[in-house]
1. Give me LEU209, LEU501 sorted ascending by neighbouring Cβ count inside 10 Å, so fewest comes first.
2. 5 Å is the cut-off here: which amide hydrogens, built 1.01 Å from N in the peptide plane, fall below it relative to ALA61, excluding neighbours closer than 5 in sequence?
3. Which shape class, rounded, prolate or oblate, goes with region 450-530 when its Cα gyration tensor gives a ≥ b ≥ c as root eigenvalues, a/c under 1.5 marks rounded, and past that a/b bigger than b/c marks prolate?
4. Non-local amide H neighbours of PHE183 (under 5 Å, H modeled in plane, Pro and chain starts lacking H): which ones?
5. Let a ≥ b ≥ c be the square roots of the eigenvalues of the Cα gyration tensor of the chain; is it rounded (a/c under 1.5), or, if not, prolate (a/b larger than b/c) or oblate?
6. Just for region 2-195, what percent of DSSP beta bridges are antiparallel, to the closest 5?
7. Compare the peptides 258-269, 21-32 by average per-residue count of other Cβ atoms within 10 angstrom and give them in order, highest first.
8. Provide the per-residue ³J(HN,Hα) series for region 217-223, in order, calculated from phi with Karplus coefficients 6.51, -1.76, 1.60 and θ = phi - 60°, each as a whole number of Hz, with x at glycine and proline positions.
Amino acid sequence: MSLLHVRQIETHLRDSYDQADWDPTLDDLHNLSRLLARFAIDLNLGERAQDGSSLVEITDAPGDRGIDAIAVDPVASLVVVAQSKWRDDGSGSVDLGSVLKFVDGVRALLDLGEPAAGDGDNGSSSDATKAAVRAAMQKPGGRLRMLLATTAANELSEEVKAPIDGLLRVLNDVGDDNQIAEFNYLGQSVLFNSLAEPTRAAIDLDLQLLDWGKTVEPVPAFYGRTSALAIAKWFEAHGSSLFADNIRVVLPKSEINEGIMKTIRDEPTQFWYYNNGITVLSSSVERSLAGAANRDAAFFKAREASVVNGAQTVSTLGRALADGLEKELEQAYVSVRCIEVSPEAPDASDLARRITRYANTQNVVSSQDFVFLDEEQHRLAKELRLLGFEYLLRSGEVPTLRNPDKVIDVRAAAVALACASSLANAVIAKREVSRLFDREAGPYSALFNSSVNGLLVHRAVDVVRAVDAALDLESELNQGTRSGVAVHGNRVIAHLLLSNLGKDNLLDHNFDFDDAMKSTADDAVKRLDALARVFPPNSYPGNVFKNHQRCSELLADAGIA
């Protein structure tokens, strides 16, 4: 059956991608390999690979260094890289040489290690794609998914898998449970089985809505509040299958998830007031006759249901139930919208897709937004205004000054003050900026207090900006370890320069700050050189500079601790 399966895969690729991605200058086997790489990307990202929300590029070309396609989903901070191998007869497997080339290409794309002799570039991807990859992997929670797709029937041998396993160990060496990289092998059987998209088991959800309401036009919908315990039991029964149509499933250890858990644990009766609620799509919504005479309470059954917004809420409530917080969940309520999108309705699939997309693009209120309520921040805004700077406290606030050098937002201020305060806080600024605004478990109060004035803020920000500019240039001009250290080590290097200047000087109006700034770029490059020289081989800079202990060891090795 192997050859028959290959022919059916070929038919699907030609029918799906011929017009857009077929290159008439290449032979059929080469083109089918390119389309297979694109198909692998689509299998992993689904509609987000096709609706314009993700960047997708086929990179299969001379000099591709084993990477045949790259996709970047900026919403999920996910980078997907694919290698494809077309076997026309469906026999055999992927050879060690191909996998070694793929691993080398991934390492080069991530600036992991030194480029091999004769490798003048890190692949055939466009500058825009490389920039998108770098931006995604720099974000807290950035992840990498490696795919190897082939029409070969056999699995990878242990010898062939070894280089991939080795790379995964390097990339996932982060000192906690947050693994950033994974590998998926899409062999012939996986590809063939994906052609006939399996119908997922239909999920029918029972719910009681309190204080409920309904709307009829243009689409029927019911809304109200329901027990958090009931929703937790949905997750207990169905798990991630509840989110089959959501653009993302569960974000581990996110600020939002931990906030949800804390509210359930400490203030369950306030949960409804704090939480945005969830949105459920279903093919039909049936209302029980019980309670039909009033709007106080009613029972509903949502057929073929999927939670399209609120996955973090549902999954965290499920985790709370697993952790034994049933009593707390009984006291909490959640707002629920249940929208009926009948499969027979005109443009049903398009409507469901639009509801899913726009329900997930709402603005999230983060801990950073609450700084607007802090009097210390308004004091700093006044002091900075007297110094000729505009200080932006709210997300999305539009500056009135045209000179960007004279505009400072609170996020930039937090990062700069973190770099000026300690190595530990500089690492937090690199690893998880949102923690800088955590007043309970984070360093917010240490960064923003009565001892901090506008002069310190603007000088610290100026240093960080100068360091970033110098290191961005070095990253563009270099590859391998030096480029990786320039990208990921910027906060640590800024910390070194700010520490060298000293907080007392930064607070001193008589200190000649402009003169000190003249050497900032050169000093940043010197620190870069020192760190790159002793950077541990086979280590990923993105991990090292997010780990306080490893940063301390690196600085000690460089003699600049």
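1. With the fewest neighbours first, LEU209, LEU501 line up as LEU501, LEU209.
2. none
3. Prolate.
4. The answer is MET146.
5. It is oblate, given that a/c is not under 1.5 and a/b is not larger than b/c.
6. 40 percent
7. Descending packing order for the listed peptides: 258-269, 21-32.
8. Whole-Hz 3J(HN,Hα) from phi for region 217-223: 10, x, 9, x, 7, 10, 8.
Taken together, the values in this text are just the output of simple stated rules run on the coordinates, not laboratory data. Everything numeric in this text was worked out from a predicted model, so none of it was measured. Cβ sites come from the backbone with ideal geometry, for glycine too, and all protein chains shown count toward neighbours.
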